[in-house]
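The values are calculated or read from the model by the stated rules, or taken from the named source; none is laboratory data. The structure displayed is predicted, hence computed values, not measured ones. Cβ: placed from backbone, ideal geometry, glycine included. Neighbour counts: every protein chain shown. Note: accessible area is taken over every heavy atom of the protein model, side chains too, but ligands, DNA and RNA are not part of it. Shrake-Rupley method; radii C 1.70, N 1.55, O 1.52, S 1.80 Å.
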Amino acid sequence: MSTPDAAATPSPTLTRAVPEPSAGAPRRWGSLGPVGLVLAGGISVQFGGALAVSLMPRAGALGVVALRLLVAAIVLLVVCRPRLRGHSRTDWSTVIVFGITMAAMNGLFYQSVARIPLGPAVTLEVLGPLALSVLSSRRAVNFVWAGLALAGVFLLGGGGFGSLDPIGVVFALAAGAMWAAYIIFSARTGRRFPQADGLALAMAVGAVLFLPLGIAESGTKLTDPVTIGLGAAVAILSSVLPYTLELLALRRLPAATFAILMSLEPAVAATAGFLILDQALSALQALAIALVIAASMGAVRTQVGRGRAKAVTG
């Protein structure tokens, strides 16, 4: 994987080139701060993921992804009404690759959870952002935070994955690689398009690419009103809200720090299971969550300290 340049260290010029969100939802969400945006997106994803698992028997894994991308694309296109003219060839190339990355990430992950439990799948998938954090980092301390988060991720997976379906494991790891690519191209798209326009266009690209696969697997099941309603809820919780929040966060948060924060996903999933599904946490799982959260907090504190040092010397 190539080291992200603009995504890891966004230049002030590029950052200022993106118009500030106009009054409304983007500005209100932006008031949370970049870390708050990432955390809010992660919580939304976990609720959407739980709903998606319940929808799979109705529509199949590919059908769920197709519904999720299609509904999300429609909602974002209607809300954002992105401008189609005035963009360079590089702008369009970036948004198309971003759309392909989102479609691949979703498709691979749902193929994974169709074969292995959700917890181990998320745990394996998050290794992609962790690898990105190490590859894009230029400070030795970030390797410490990445290693700490990695230890927590494996503890959360029970210390090993030997009993899992190997095909499901491969799908989860591939989804993690696409997640790392998503981080890079989300950041680049956010700098090239105002507000969430680039995200809306990328989601439309992903929906067009994936819809034939969903129809081939699920056919008329996708026209069932209940399935459409559940698919719309999954789209809002798992795509529209988190992707918009993450895109806004990546305008102010370096990719390396964002990637470490993504390691919170298994911890959020385990906590949601305890609070909502009454799934008790073992001592090992609690330790894993503590390690992952400590790594995320360390990464954020390191980045904040670095930013203050630059401000003083500048």
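Results, tabulated for the structure shown:
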| quantity | calculated |
| --- | --- |
| Test: LEU124 is closer than 16 Å to ALA295 by Cβ and open to solvent by less than 20 Å² (accessible area, probe 1.4 Å) | no |
| Single residue of LEU201, LEU150 found to be assigned to a helix (DSSP H, G or I) and modelled with pLDDT of 90 or more | LEU201 |
| Some residue of segment 184-194 being closer than 23 Å to ALA61 by Cβ, open to solvent by 20 Å² or more (accessible area, probe 1.4 Å), at pLDDT below 85 and not in a helix (DSSP H, G or I) | no |
| Unique match (being modelled with pLDDT of 85 or more, open to solvent by 40 Å² or more (accessible area, probe 1.4 Å) and on the phi > 0 side of the Ramachandran plot) among ARG81, ARG89 | ARG81 |
| Residue check for ILE228: modelled with pLDDT under 80, farther than 13 Å from GLY41 by Cα and surrounded by fewer than 19 Cβ atoms within 10 Å (Cβ to Cβ) | no |
| Evaluation of ILE116 against (1) within 22 Å of LEU213 (Cβ to Cβ); (2) surrounded by fewer than 20 Cβ atoms within 10 Å (Cβ to Cβ); (3) modelled with pLDDT under 85 (one fails), failing number | (2) |
| Filter pass, ALA216 being of a type outside the set (D, E, K, R), assigned to a helix (DSSP H, G or I) and either modelled with pLDDT under 85 or open to solvent by less than 20 Å² (accessible area, probe 1.4 Å) (or both) | no |
